[in-house]
Amino acid sequence: MYDINEWKHVFKLDPDKVISDEDLEKICESGTDGIIVGGSDNITEDNVLNLMSRIRRYFIPCVLEVSTAESIIPGFDLYFIPTVLNSRSTKWMIDLHHEAVKEYGEIMNWDELIVEGYCILNPDCKAAALTDANTNLSLDDVTAYARVAEKMYQLPIFYLEYSGMLGDLAVVEQTKKVLTKTKLFYGGGITSAEEAKHFAQFADVVVVGNVIYTDLKAALKTVEAVK
Ligand SMILES: CC(C)=CCC/C(C)=C/CC/C(C)=C/CC/C(C)=C/CC/C(C)=C/CC/C(C)=C/CC/C(C)=C/COP(=O)(O)OP(=O)(O)O
Ligand SMILES: O=P(O)(O)OC[C@@H](O)CO
Ligand SMILES: [Mg+2]
């Protein structure tokens, strides 16, 4: 399923974390719609290449979520490009993107690129600190960012990012209500099938990350719960 509009569930694998071949096989053959390779710490060309080539043994869409220009390598099905809408710095909204396009613009296959409008809501996650995100947002602020993403920037994805903590279900519900075309991705803190099901009521796509490394069985159960 290479059309993200059909997705409901994805796993996010971190190139900086260790996963055995056996566990990787379970993840790739779980019935999830795709694997996102991404993280915020120590993402290198080497660890991205290593993880990508291992995932490539399986018939599953494999996406690089770009977090540093230095770790972009060819061979993925798609490249997700985050732009952090609630960052206080233009660096994470447009500057790094400008630099990267200046470097790769001539050789880029634009059809492989999908821009994600990130709204980071966990003040304690690494991505919030890195991007100096203003996480002190009201519900109206969040839905306004969602509208900016869809109605003004026409972004294909609006990503409510609570990485490491379970988000506010009401925020996800209200955000979904203001989006018609843009797909709503939810990620953060999902550790059980039940939690995944709750967020899948409103999010178009539920992203499951850290629990893969702490409780694989629980991670695998989120697939069936969502699909
Ligand atoms: C040669 C070749 C293949 C060319 C391809 C062309 C191509 C794809 C070019 C890219 C062009 C482009 C526009 C690139 C953008 C460059 C860039 C560096 C953009 C900035 C991205 C950004 C805003 C990063 C900030 C961090 C962030 C939001 C990361 C997203 C992932 C995330 C939040 C992960 C969670 O991290 P984790 O480590 O799991 O955190 P926890 O500890 O909380 O779990
Ligand atoms: O790792 P968790 O907390 O599941 O979050 C998933 C994803 O949104 C991280 O970017
Ligand atoms: Mg993580």
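The values are calculated or read from the model by the stated rules, or taken from the named source; none is laboratory data. Owing to the predicted nature of the structure, the values given are computational and were not obtained by experimental measurement. Every residue, glycine among them, receives a Cβ derived from its backbone with ideal geometry; neighbour counts consider all protein chains shown.
Brief remarks follow.
- Scan of region 99-130 for residues that are more than 16 Å from ligand 3 (Cβ to nearest atom) and under 23 Å from residue 182 (Cα atoms), ordered by number: 109, 110, 111, 112, 113, 114, 115, 117, 119
- Any chance residue 40 is assigned to a loop (DSSP other than H, G, I, E, B) and hydroxyl-bearing (Ser, Thr, Tyr): yes
- Of all residues in region 194-223 being in contact with a Leu (Cβ under 9 Å, 6 or more places away or on another chain) and away from ligand 3 (no atom under 15 Å from the Cβ), the one that is farthest from residue 175 (Cα to Cα): 195
- Within region 106-119, tally of residues that are under 18 Å from the mean Cα position of the chain (by Cα) and within 7 Å of ligand 1 (Cβ to nearest atom): 3
- Scan of region 123-136 for residues that are buried (at least 17 other Cβ atoms within 10 Å of the Cβ) and either in contact with a Gly (Cβ under 6 Å, 6 or more places away or on another chain) or among the acidic types (Asp, Glu) (or both), ordered by number: 125
- Total residues in region 149-177 satisfying the condition of being closer than 20 Å to residue 4 by Cβ, away from ligand 1 (no atom under 16 Å from the Cβ) and not polar (S, T, N, Q): the figure is 4.
- Matching residues in region 153-167 - criterion: being in a loop (DSSP other than H, G, I, E, B), buried (at least 16 other Cβ atoms within 10 Å of the Cβ) and not small (Gly, Ala, Ser): 155, 156, 162
- Restricting region 1-42 to residues that are of a type in the set (Gly, Ala, Ser) and more than 16 Å from ligand 2 (Cβ to nearest atom) leaves a set whose member that is farthest from the chain's Cα centre (by Cα) is 20.
- Within the option set 66, 10, being surrounded by 15 or more Cβ atoms within 10 Å (Cβ to Cβ), modelled with pLDDT of 95 or more and in contact with a Gly (Cβ under 7 Å, 6 or more places away or on another chain) holds for one residue only, 10.
- Residue in region 137-152 that is among the small types (Gly, Ala, Ser), in a loop (DSSP other than H, G, I, E, B), touching a Gly at 6+ places or on another chain (Cβ under 9 Å) and surrounded by 18 or more Cβ atoms within 10 Å (Cβ to Cβ) present: no
- Those residues of region 77-105 which are hydroxyl-bearing (Ser, Thr, Tyr) and in contact (Cβ under 8 Å) with a residue 24 or more places away in the chain, in sequence order: 79, 83, 87, 89, 104
- Here region 138-185 is the region considered, the condition is being touching a residue at least 40 places away in the same chain (Cβ under 8 Å) and among the β-branched types (Val, Ile, Thr), and the residue that is farthest from ligand 3 (Cβ to nearest atom) is 148.
- Hits in region 164-189 (condition: under 17 Å from residue 139 (Cβ atoms), within 15 Å of the chain's Cα centre (by Cα) and of a type in the set (D, E, K, R)): none
- Residue in region 101-120 that is touching an Asp or Glu at 6+ places or on another chain (Cβ under 9 Å), of a type in the set (A, V, I, L, M, F, W, C) and either in a helix (DSSP H, G or I) or surrounded by 15 or more Cβ atoms within 10 Å (Cβ to Cβ) (or both) present: yes
- Residues of region 178-221 satisfying the condition of being among the acidic types (Asp, Glu) and either within 16 Å of ligand 1 (Cβ to nearest atom) or crowded, with 18+ Cβ neighbours inside 10 Å (or both): 195, 204, 215
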